[in-house]
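One structure is given below, encoded as C-alpha cells.
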Amino acid sequence: MMIPTPDDIRAAAVRIAPHVRRTPVMEARLPGIDRVLHFKFEHVQITGTFKLRGAFNTLLSGPVPAAGIVAASGGNHGAAAAYAAVSLGHPAHIFVPEYAGPAKIGLIRATGAALTVVEGTYAEAVEAATEYRDRTGAMEIHAYDAPGTVAGQGTVYSEWDDQGLEADTVLVAVGGGGLIAGALAWWQGRRKVVAVEPELSPTLHAALATGPDTDVQVGGIAANALGARRIGRIAHDLAVAQGIGSILLPDDAIAEAQRLLWTGLRQYVEPAGATALAALTSGAYVPAPDERVAVLLCGANPAEGPPL
C-alpha cells in the first residue's frame, strides 16, 4: 500500500484548510511531571477528533459516487466521515458497533447521515459496511489504513510544526494506526515518535511481535476509539522502517491521566485522548533530563461529562 510522503501531507493541508479548525497549542506543567509539556489540543477539532482531517482529504481528493460514502467506525471516525460528507453534499451511511456508546452514536445522528448500529465489535461493523459498499457502489472512507486518510491525519503534525513546536519527542495514542502513521510519514525520523497503547487493545505491539496480520482481542475503557482488531499496514510498515516500539498501559493509568487533564488543565477528553499523556503520568515513559516532550490530545467524546 502506498505510504504518503511529506509532499502528500502538505497538499492535504492546503486541500482541507477551508473545512477544518487550526487547533490550538499550549505549553503547561502538570502536577507530578518535572517539566513543561507541549500540548496540541486536537480534541477541539470539529466533531471532537483529528479524524475529520482524513475524511475531508479523502472526499476532496477525487470524485464521489452518487451513492455517497460509507464508513465503519467505533464512533469518532463515523462522526467525522458523516460530517464531512454531509457538509459537502454527499449521502453518507455509517456503521458502528453497539459499544460506540450513546454519545458518539448521537453525534453521528446529529450530522443527518444514515446510521446502522450493529451487534458485536468494530470488526462486525466493517463487515456490514463492506457489504453495503459492494451492494450500492458507495465510496468507502477507511478509518485508518488508506493513503488519503493517513495524509489527512499527517496535517496535524505539519500544522504543529507551523505553530512553532519545539520538542524532541512526541507521544501519540495508537488504535488502528492512522494518527501515528501520519506522524511517522510527516517527520520521517526528524522527531522521536512514541506509540502509546492500552494493554487491552495492543494492535501495534502485537504486530511488531508477531507480524502485521496479527489480530488482538479488544477491550478496556478506550475500546470505542482505540479498539481496532488489527493495526493498519501503513502504520505497521512505517513503524518497522523507523524502528519504533510501543508502550502498553493499563486502564487505571489512562483514567488517571484523563482525570489529571481535567483537574490540571480543565480539558476533559475521552480515555483515548488521555492515553498518550498516561505514558508520562504512569512512569511508563521516562524522558531524559533535558528531553522536550510533546503530547497530542486526540479525542473529546467521552461517555460521560466532566467530574465536578
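The values are calculated or read from the model by the stated rules, or taken from the named source; none is laboratory data. Predicted model only: the values in this text are computed from it and were never measured. As a convention, Cβ positions derive from the backbone with ideal geometry for all residues, glycine included, and neighbour counts pool all protein chains shown.
When each of L248, L226, L200, L260 is tested for being within 20 Å of A183 (Cβ to Cβ), buried (at least 17 other Cβ atoms within 10 Å of the Cβ), modelled with pLDDT of 95 or more and assigned by TED's automatic domain parsing to the domain that holds D34, the lone residue that passes is L248. Pick from G106, G74: which is at pLDDT below 95 and buried (at least 17 other Cβ atoms within 10 Å of the Cβ)? Just one listed residue meets the conditions, G74.
Here's the yes/no breakdown for (1) touching a residue at least 24 places away in the same chain (Cβ under 8 Å); (2) assigned by TED's automatic domain parsing to the domain that holds I234:
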{"residue": "T23", "(1), (2)": "yes, yes"}
{"residue": "R29", "(1), (2)": "no, yes"}
{"residue": "I33", "(1), (2)": "yes, yes"}
{"residue": "F56", "(1), (2)": "yes, no"}
{"residue": "S61", "(1), (2)": "yes, no"}
{"residue": "P65", "(1), (2)": "yes, no"}
{"residue": "I69", "(1), (2)": "yes, no"}
{"residue": "G74", "(1), (2)": "yes, no"}
{"residue": "A82", "(1), (2)": "yes, no"}
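A253 meets all of the listed conditions (1) more than 20 Å from A181 (Cα to Cα); (2) in a loop (DSSP other than H, G, I, E, B); (3) assigned by TED's automatic domain parsing to the domain that holds Q45; (4) in contact with a helix residue (DSSP H, G or I) (Cβ under 6 Å, 6 or more places away or on another chain) but one, namely (2).
When D161 is tested against (1) surrounded by fewer than 22 Cβ atoms within 10 Å (Cβ to Cβ); (2) touching a residue at least 60 places away in the same chain (Cβ under 8 Å); (3) farther than 22 Å from N224 by Cα; (4) not aromatic (F, W, Y), exactly one condition is not met: (2). Name the one entry in D168, D162 that is modelled with pLDDT of 95 or more and farther than 22 Å from A17 by Cβ. Result of the check over D168, D162: D168.
Selection of helices (runs of 4 or more DSSP H) fully inside the range 129-226 by the criterion of at least 2 residues being closer than 18 Å to L297 by Cα returns 147-162, 178-187, 223-226.
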